[in-house]
1. Give the range A:49-93 a look and list any residue that's assigned to a helix (DSSP H, G or I) and acidic (Asp, Glu), or say none.
2. Between a residue in the range B:540-568 that is at the interface with another protein chain (Cβ under 8 Å from one of its Cβ atoms) and any residue that is among the basic types (Lys, Arg), which pairs come within a Cβ distance under 7 Å, given they are 6 or more apart or on different chains?
3. Restricting to the range A:269-297, count the residues that are in contact with a Gly (Cβ under 9 Å, 6 or more places away or on another chain) and part of a helix (DSSP H, G or I).
4. What are the pairs, 6+ residues apart or on separate chains, where a residue within the range A:273-292 that is without any contact (Cβ under 8 Å) to a residue 24 or more places away in the chain and closer than 13 Å to A:ASN261 by Cβ has its Cβ under 7 Å from a residue that is surrounded by fewer than 20 Cβ atoms within 10 Å (Cβ to Cβ) and of a type in the set (S, T, N, Q)?
5. Out of A:SER90, A:SER103, A:SER79, report the one residue that is among the hydroxyl-bearing types (Ser, Thr, Tyr) and in contact with a helix residue (DSSP H, G or I) (Cβ under 7 Å, 6 or more places away or on another chain).
6. Take B:LEU530 and decide whether it is outside any loop (DSSP other than H, G, I, E, B) and under 30 Å from B:ALA18 (Cα atoms).
7. Being of a type in the set (Lys, Arg) and over 30 Å from A:ALA585 (Cβ atoms), is that true of even one residue in the range A:22-32?
8. Look through A:ASP598, A:ASP576 and report the one residue that is of a type outside the set (A, V, I, L, M) and more than 10 Å from chain B (Cβ to nearest Cβ).
2 protein chains.
Amino acid sequence: MADETTTAPPDLAVDVTALTALLDGQHADIRRTVRELLPAYASVLEDAETMPRDEFRDRVRDVVLEIADTGAVAMGFPSEYGGGGDLGASIAAFETLAYGDLSVLVKVGVQFGLFGGAILQLGTDRHHDAYLSDLISGRLLGCFAMTETGHGSNVQALGTVATYHPETSEFVITTTTPDAGKDYIGNAARHARVGVVFAQLEVGGEGHGVHALVVPLRDEQGAVLPGVRIEDDGHKMGLNGVDNGRIWFDGVRVPREALLNRFADVTEDGTYTSDIESPGRRFFTMLGTLVQGRVSVGAAGVSAAKVALTIAVRYGLVRRQFDTGAEDGAEQRLLDYGLHQRRLLPRLARTYALHFAQQVLAADLHDVFSGITADEDARRLLESRAAGTKALSTWLATDVVQECREACGGAGYLSVNRFAALKADTDVFTTFEGDNHVLLQLVGKGLLTDYASDFSDLDQLGMVRFVAGLAVETVLERTRVHQLLEQIREVLPGGSDDWDTDSGLLDPDYHLAMFRFREEHRIGGAARRLKRGVDAGMNPGEVFSRVQDHVISAAHAHVERLVLESFVEKVAATEDGELKLVLNALCDLFALSVIEADAAWFMEHGRLSAQRSKAVTREVADLCRRLRPVAGELVDAFAVPVELLRSPDLLGPDA
Amino acid sequence: MADETTTAPPDLAVDVTALTALLDGQHADIRRTVRELLPAYASVLEDAETMPRDEFRDRVRDVVLEIADTGAVAMGFPSEYGGGGDLGASIAAFETLAYGDLSVLVKVGVQFGLFGGAILQLGTDRHHDAYLSDLISGRLLGCFAMTETGHGSNVQALGTVATYHPETSEFVITTTTPDAGKDYIGNAARHARVGVVFAQLEVGGEGHGVHALVVPLRDEQGAVLPGVRIEDDGHKMGLNGVDNGRIWFDGVRVPREALLNRFADVTEDGTYTSDIESPGRRFFTMLGTLVQGRVSVGAAGVSAAKVALTIAVRYGLVRRQFDTGAEDGAEQRLLDYGLHQRRLLPRLARTYALHFAQQVLAADLHDVFSGITADEDARRLLESRAAGTKALSTWLATDVVQECREACGGAGYLSVNRFAALKADTDVFTTFEGDNHVLLQLVGKGLLTDYASDFSDLDQLGMVRFVAGLAVETVLERTRVHQLLEQIREVLPGGSDDWDTDSGLLDPDYHLAMFRFREEHRIGGAARRLKRGVDAGMNPGEVFSRVQDHVISAAHAHVERLVLESFVEKVAATEDGELKLVLNALCDLFALSVIEADAAWFMEHGRLSAQRSKAVTREVADLCRRLRPVAGELVDAFAVPVELLRSPDLLGPDA
């Protein structure tokens, strides 16, 4: 207990308005606009509980159309079609919209992100002219029909086929097997009039891989068109305001011009042309243009975590758990308990960390897609970063929402207190736009192969063979572990080997060195295990199966390092003063709680002594106590409109 | 990779029928009866998604009444009133019922466990004669009105008051403050005609603490009686077939005989009598009789985990994630991937562990309440064990259901595949019958004070002062750490200090020694920190706040040790043969994955070297691979009726 009475660092204070401005960053305007827009739709949160399913779906559609009217959700489209011409603002708007009902958010994502994004990114002028104005205004609702029942993560193997018939200049679209039915398609069960359908393109008896076509699904009255069969996916865990469904095609004919032909085309006489020679490369180039979806889902995950933390922290500040009657315990609030701080505050710090990581990512996205950064490497890194950050942000949401709900006791179980919907609606975030484990596997593959192949190409055996084919020296060079070890030593007092000291625990260089060491060591280790397995004659599938979790943990460490860097850079860029102090403390708490969570690994690899590991744990508790007095301000700075918090049981009727 | 090619242990095989019989144990008959009963009610699972709330509540009530007719849910009541006279069988029936819809289960729990249990345990013959037959048959539906809006965990401070009026021989029941409204009371919003109401008893101007009375709430037509006000808690995250509500009393008069007077009574002229002098002790004696509820909720949590694992493991065995087209990868199923095994199989092992722990607990409960074991110490240990096991079993449910849902991808999100309801319905298990953290705190308090005070009395400051008042030697003696260290050495090869070796990793004595060391070290450490804090002049509230997580982690380690002991003893008691081999592997996997999860702590405390820690991780992976070929049989042995699995998308239409 001696260390609990050492000299105290300065008290923290927070100017909420200033912190909100800092969090809002360069897109403060659109964020404010959406925050002002949302309270009018607070009643949707209640409708989600009370309305019959189809009625609620229509209600959500109506809200989406009303929001579309304000222009707030079309920021990413070219201004000549009625958009805002600012992709970064588009992400900021979507992120903020996630404070409200998440069926509304996902319906917006389906219409403007997936459907609209595919038309914009995969189509050419003829498609833009034909569809963009109408889809931006909401006059034309559409869906994005990629996933199939039997092909979730491996979309390159889709079973829907589009065959070109030169005699009529048409494509004929057919669902070839039961596994090839489109599934979980948002907007399909009720509202979409057209779909962007991904299918294997066959021209003149030759397959050219997966391409996207615009296919009408319903007429103006909403009746399903001939040759199309649609089935409702039915009740879901959450997001029941979104009408997910299954679609089957039986010889549906669309004109040649329906092909979204930015990257490949078919001439009238049936000649297939593309500037990208490899069918795989072509497909992954197409997929790459849709990276915005992953950035958006991750951003939404962070917003959901913010809503949950706002409620739980505020509750912890008003609720007295035990009115002990004792003179010194009577005023104790829930958040005064060490354990309660432990449950909420490291999660609050991680939410801040991922907020800044998402901001960096959104800026990268903006730069790449607005042509500010144009090279191929930047694109690959963006795709990798988007995939990895999406995984961490959506797992954050699942974890934070659950812990906050438990931290509010039985009241947290009542729907009026928001956790029910937050939990149910965000649950699928870990799966959609790519299963998180699969995404991290992609990131890991990129790290191991130096992005030698296309990003989304999850060819595990190819990866194993690639790594196995490297020279021993190359594999060893993959890891800069020794250099990094030096870096860790340098940031320790006197560059010494004294791992037992407490000093330097709050030095960001120490945190970064630890994160980098972990990342590089895992990448190197995974590479060596892959190579060794193949060299020993094991078959590549078996080798991959055994090393898979190592690959994924390397990717996880990589992304977490990027997250920490974003946070450290943000702190460094903040002017000296109160805000910098508090951000610093949050950043320390984030970094140390990650090190604490992985302490076994660091000890196994000689980078943390038993004594220092205990010191990390004490420091985490100290940081929690230090942040406790400003915890309320730290969640208020998220600026979740009070109308959206609901929670009369938790926050009082005047919440 | 060298260790991945060492001599393989024998292949495992499972006779499903034999394993089911072993899991069923001595109450196989009632388990089978309930399993045969459940398929008829499989449609309730669908009704939960489609029916309007009140209609679904009535449907659930009707199902509960039908099941009551079979006698399967009244096993715990005396046979003279129509019960089965077998408490152990009652728990087994409840546990099995948890394979089905959980609103039905919880409604059964409210009626027969909470309401019926209170009448049985707190009442005397006059109450038994008046109510038991009717409540067992379901002719009289009731509720258990303890929790208040402002008093969740601290029920000793309830604000409802029952004042005795000798002139009319009546109690007058009043809700004194807004915080004192009864809340989250199951059966209250719609179906209960009477309630067992907990209130502060006042007789002749003197308070005697919390007692329970039977209070009519509705007339035969269901109209709420004068003086009673009831409000619906509204929509909840799950369990919407249970009508939770709030109740306020405004001078409601009940006759003197309404007092459940097993432990205290009031004479007609207004004299309060009780064999238990201390009001606190009296209240906690009453609470102690209700321990069955915690045993039941824990059992239900394990059952929910079994359902989730059955679906996810079966899915992992049929689903091919990537049809790579490569000669050696084409047949790879999801569960062949190392990471997928890692996600599901340690959780399967833990589910087995908690199954056996719940069986031991249910047997203890049966023995104590049937008078087979009668002493006070056995009661206290039972209460502690029930509280702790409830926490671990319900967290197991939350964790397993979530991981299984994610392991089934997007399909896991569709309600038809069961995870939606499993997740939403079980979520509150961590809170009800006592918040898990509060329960572990109670367990910790018992460990630290050698059960010197009443079990449920969560007087934190009293605990701090108790421990602080112990002599230094006593505090040090609390921990047998040094002895345990010797034990660990003894089970290592040659009793050596060679922590680096892999040997002994699969020795149950090694596992037990590690678990015991962790427990004792944490108890001792918490005691020393409490004492040191007070000795240093810190106020007890602050001391407690800082040591709280240590106390809780000690309790957690304690309960986990009990769980491991149950499992090890079960394995030891099993005849040599196939079943013993497979149970042994599961037990090893459970023990080693717990050690792995706490590896940082073991390393910090010098009980695990870096090398051995890595060996533990490798062994966990090896055990997963070894169990993979029998994973399907291991879940089939849970014998969840196939009609209840639903999941046509995951398991195929013939599931």
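The values are calculated or read from the model by the stated rules, or taken from the named source; none is laboratory data. Just so you know, these numbers come straight off a predicted model, no measurement behind them. No Cβ is skipped: glycine too gets one built from the backbone with ideal geometry, and neighbour counts run over all protein chains shown.
1. Looking only at the range A:49-93, we keep the residues that are assigned to a helix (DSSP H, G or I), and these are A:49-50, A:53-70, A:79-81, A:87-93.
Hits for the range A:49-93 are A:GLU49, A:ASP54, A:GLU55, A:ASP58, A:ASP62, A:GLU66, A:ASP69, A:GLU80.
2. The qualifying pairs are B:PRO540/B:ARG465; B:VAL547/B:ARG529; B:ASP549/A:ARG342.
3. Count: 9.
4. Note: pairs meeting the criteria are A:THR273/A:THR267.
5. Among A:SER90, A:SER103, A:SER79, only A:SER103 is among the hydroxyl-bearing types (Ser, Thr, Tyr) and in contact with a helix residue (DSSP H, G or I) (Cβ under 7 Å, 6 or more places away or on another chain).
6. Values: outside any loop (DSSP other than H, G, I, E, B): yes; under 30 Å from B:ALA18 (Cα atoms): no.
Answer is no for this residue.
7. Going through the range A:22-32, the residues of a type in the set (Lys, Arg) turn out to be A:31-32.
This time we only want the ones that are over 30 Å from A:ALA585 (Cβ atoms), so: none.
The answer is no, given that none of the residues of the range A:22-32 is of a type in the set (Lys, Arg) and over 30 Å from A:ALA585 (Cβ atoms).
8. Being of a type outside the set (A, V, I, L, M) and more than 10 Å from chain B (Cβ to nearest Cβ) holds for just one of A:ASP598, A:ASP576, which is A:ASP576.
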